[in-house]
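Student: Sharing a structure here in structure tokens format.
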Amino acid sequence: MLTETQTLMIRDFPQDERPRERFVSNGPQSLSNHELVALLLRTGTSQESVLQLSNRLLTHFEGLRQLKAATLEEMTAIKGIGQAKAIQVLAAVELGRRISNLAYDDRYVIRSPEDGAKYVMNDMRFLTQEHFVCLYLNTKNQVMHKQTIFIGSLNASIVHPREVYKEALKRSAASVICVHNHPSGDPTPSREDIEVTKRLVEVGKIIGIELLDHLIIGENKFVSLKEKGYL
């Protein structure tokens, strides 16, 4: 029987309830989020087991969504999470992000608004500020380059066509797709969104580089201003 001052450690669990053993016997899909994080942390503290520590870590960030965006400073501010543990967790998060994008990095072809949204969704859906991003395509509609033009609230005076098309000319792009996110999660276009789009369309026609679409990214959903009739 454990006393009030004792902590239940991993070795105190039955073999078939230990995350590492269950990982080996049943695969990673059999583990909960806090059990997977516990494997990354490896050890707990003298006051709590690694499972308790990982559970407290996830509770602090209200789950994986906010943990995904955590900084090193935010991680190490949590009691029991030193720099080494924080780096291990953040490195795993970054690897997951890169793996999720692997399928789209090799000359990804955009044939529809859905293709464009899929290309940027993982990177943009959780951003807490508006990011205005341009995708530069060749004549085969393959993505040659992706660049963030600015960060902040969308405004026609800030999103200058010069910055958008300067990179297009540099890359000899045949066309451009503009994308920005709405941190609220609602991709409904605003008046500013529409004004910026019309301005970019006009300039693109003048210099001979077509604006194919302007996508607004929300919470796992998007709006195409082309489909809405603004292009």
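The values are calculated or read from the model by the stated rules, or taken from the named source; none is laboratory data. Since the model is a prediction, treat every value here as computed from it, not as a measurement. Backbone-built Cβ (ideal geometry, glycine too); neighbour counts: all protein chains shown.
Student: Cβ-Cβ distance below 7 Å, separation of 6 or more or different chains: which pairs start in region 108-120 with a residue that is within 16 Å of Leu225 (Cα to Cα) and end on one that is of a type in the set (Ser, Thr, Tyr)?
Tutor: Cβ pairs passing all conditions: Ile110/Tyr119; Pro113/Ser224.
Student: From the set of residues in region 2-58 that are surrounded by 12 or more Cβ atoms within 10 Å (Cβ to Cβ), farther than 15 Å from Ala86 by Cα and of a type in the set (Val, Ile, Thr), which is modelled with the lowest pLDDT?
Tutor: The extreme case among them is Thr7.
Student: Okay, next question. Within 17 Å of Phe132 (Cα to Cα) and in a strand (DSSP E or B): does that describe Leu215?
Tutor: When the stated conditions are applied, Leu215 passes them.
Student: Quick one: which helices (runs of 4 or more DSSP H) lie wholly within region 26-71 and hold at least 3 residues that are free of Cβ contacts under 8 Å to residues at least 40 places away in the same chain and within 26 Å of Pro183 (Cβ to Cβ)?
Tutor: Where helices (runs of 4 or more DSSP H) fall fully within region 26-71 and carry at least 3 residues being free of Cβ contacts under 8 Å to residues at least 40 places away in the same chain and within 26 Å of Pro183 (Cβ to Cβ), they are 50-60, 64-68.
Student: Count, please, the residues in region 110-165 that happen to be among the aliphatic types (A, V, I, L, M) and part of a loop (DSSP other than H, G, I, E, B).
Tutor: Summing the residues that are among the aliphatic types (A, V, I, L, M) and part of a loop (DSSP other than H, G, I, E, B) in region 110-165 gives 6.
Student: Out of the residues in region 186-224 that are among the small types (Gly, Ala, Ser) and in contact (Cβ under 8 Å) with a residue 60 or more places away in the chain, which is farthest from Leu127 (Cα to Cα)?
Tutor: Filtering region 186-224 for residues that are among the small types (Gly, Ala, Ser) and in contact (Cβ under 8 Å) with a residue 60 or more places away in the chain, the one farthest from Leu127 (Cα to Cα) comes out as Ser224.
Student: Return the pair list, or none, for Cβ contacts closer than 6 Å from residues in region 172-183 that are assigned by TED's automatic domain parsing to the domain that holds Ser112 and surrounded by fewer than 22 Cβ atoms within 10 Å (Cβ to Cβ) to residues that are not in a strand (DSSP E or B) and not hydrophobic (A, V, I, L, M, F, W, C), at least 6 apart or on different chains.
Tutor: The qualifying pairs are Ala174/Asn138; Ala174/Thr139; Pro183/Thr128.
Student: Further, regarding this structure: Only one of these conditions is not met by Ile78: (1) outside the structural domain of Gly44 (by TED's automatic domain parsing); (2) part of a loop (DSSP other than H, G, I, E, B). Which number is it?
Tutor: In the conditions (1) outside the structural domain of Gly44 (by TED's automatic domain parsing); (2) part of a loop (DSSP other than H, G, I, E, B), Ile78 misses (1) alone.
Student: Would you confirm whether any residue within region 148-164 is closer than 29 Å to Lys68 by Cα, buried (at least 19 other Cβ atoms within 10 Å of the Cβ) and either outside the structural domain of Gly204 (by TED's automatic domain parsing) or modelled with pLDDT of 95 or more (or both)?
Tutor: no
Student: Does Ile216 meet the test of being within 24 Å of Glu114 (Cβ to Cβ) and β-branched (Val, Ile, Thr)?
Tutor: yes
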